[in-house]
Amino acid sequence: MWAARERLGVGADARVSLIWGHAHMLGDGVGGMIGKAKRQLADKVLGYQRISAYDLTDAALVAAGRQVIRHRPDLLIGYSNALDRFAETNANHKHSINRLPLKLVIATGEGFASPAAEARVRSFFRAPMRMEYGSMETGVMAYQFSDEGYQTLWHRHRLERTADEAGVGRKIGNAKPVVVTSLYPRALPVWRYEIGDRIELFAEDESPRLRFANVRGRSNLLVRLPSGEEFHSEAISHVVREVQAIRAFQFVVSGSKNSTILRYLGPRPLTPEEADTLCRRLSRVSATLSSVTFQHSAELGKSPAGKHAIVVYGDLVKEDRV
């Protein structure tokens, strides 16, 4: 990973600011305290600054801008939509931020919500902005080394396009489903599977093994509560990921009913103890989530790209059972 970043102008000794989802901050008990202490010590030694991407309110992002200015990083890494909100909220501090020794901005975790959002981030920072493509189970799979597409980390991952039953590549527009095989120890090493993303190939290419033009079909959107509060959807992912009764989830925001629902798939409904624990952890993200409703459902609504949407405004599917 750092070898790729060195090609982009920053080395492993760089001072780094991360606008990120920090799961260790949500841990419970002694284990959570130990994990947090280890992370804080390592960050101090490495020169890392961590800013929570869970709280994306204007006040929090203005404070984040001040923290970044004080830290004077060489490298800024953040979730794409968190960087967009950061740029939008700190527009009045653009001059101060562009006086920093910042060499590179890396957007990761998702695609931008719109071309306008990507353009806003690129124009906000004086330093170049590049995309990092990967997932939690694979790690980083490709980097955008220039404005003209991504280069696959082929020595770590094998990327291929899928084909339908007739052997013809499926596509939505120019975007084709991608299959990944991780070639080093990760969550699913040497396991060939469709990751759920779609990527655009260059016209002259038949395979994304070495390069591809763009990533489509995945964007972890901001969660906007009826109260107007905003935070990143990854905050919910980190809270629920260790609960065995939840295999997949969807966060439903109903403005008309002024309510929030966590709809989930799993082998059984949550126990009262599990629900209480989730409410307590969710309340650390936002106090209003302490009263979230849990629904055990038979299906989750899907996005046009074929993946179930993490955040839904309204209702996509009928409730199965609670």
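The values are calculated or read from the model by the stated rules, or taken from the named source; none is laboratory data. Computed from a predicted model, the values in this text were never measured in an experiment. With ideal geometry, Cβ positions are generated from the backbone for all residues, glycine too; neighbour counts draw on all protein chains shown. Heavy atoms of the whole protein, side chains included, go into the accessibility calculation; ligands, DNA and RNA do not. Shrake-Rupley method; radii C 1.70, N 1.55, O 1.52, S 1.80 Å.
Starting from the Cα-Cα distance between A91 and E206, subtract it from 0.36 nm times their residue separation and give me the gain in nm to one decimal.
Fully extending the segment from A91 to E206 adds 37.2 nm.
Can you work out the FRET efficiency for the pair C279 and E229, with r the C-beta to C-beta distance and R0 = 25 Å, to the nearest 0.05?
Once the sixth-power term is evaluated, E becomes 0.90.
Quick one: if you take sqrt(5λ) for each eigenvalue of the C-alpha gyration tensor of segment 52-210, what semi-axes come out, biggest first, whole angstrom?
Ellipsoid half-lengths, sorted descending, are 34, 16, 14 Å.
When the accessible area of segment 1-159 is split by element with a 1.4 Å probe, what percent falls to carbon and sulfur?
C and S atoms contribute 54 percent here.
Quick check: residue separation of R268 and A3 times 0.36 nm, minus the Cα distance between them. What number comes out in nm?
Result for the pair: 90.9 nm of gain on full extension.
How many Å² of accessible area per residue for the chain, probe 1.4 Å?
That works out to 49 Å² per residue.
Take each complete run of DSSP H in the chain, measure how far its Cα atoms stretch along the helix's own axis, and keep only those covering 24 Å or more with mean Kyte-Doolittle hydropathy at least 0.0; list them.
For the chain, where a helix must reach 24 Å along its axis and average at least 0.0, the hits are 29-46.
Roughly what percent of Cα-Cα pairs across the chain reach past 24 Å?
The share of Cα pairs beyond 24 Å in the chain comes to 58 percent.
Could you tell me how many cubic angstrom of Cα convex hull volume segment 22-105 has per residue?
In segment 22-105, the Cα convex hull volume per residue is 93 Å³.
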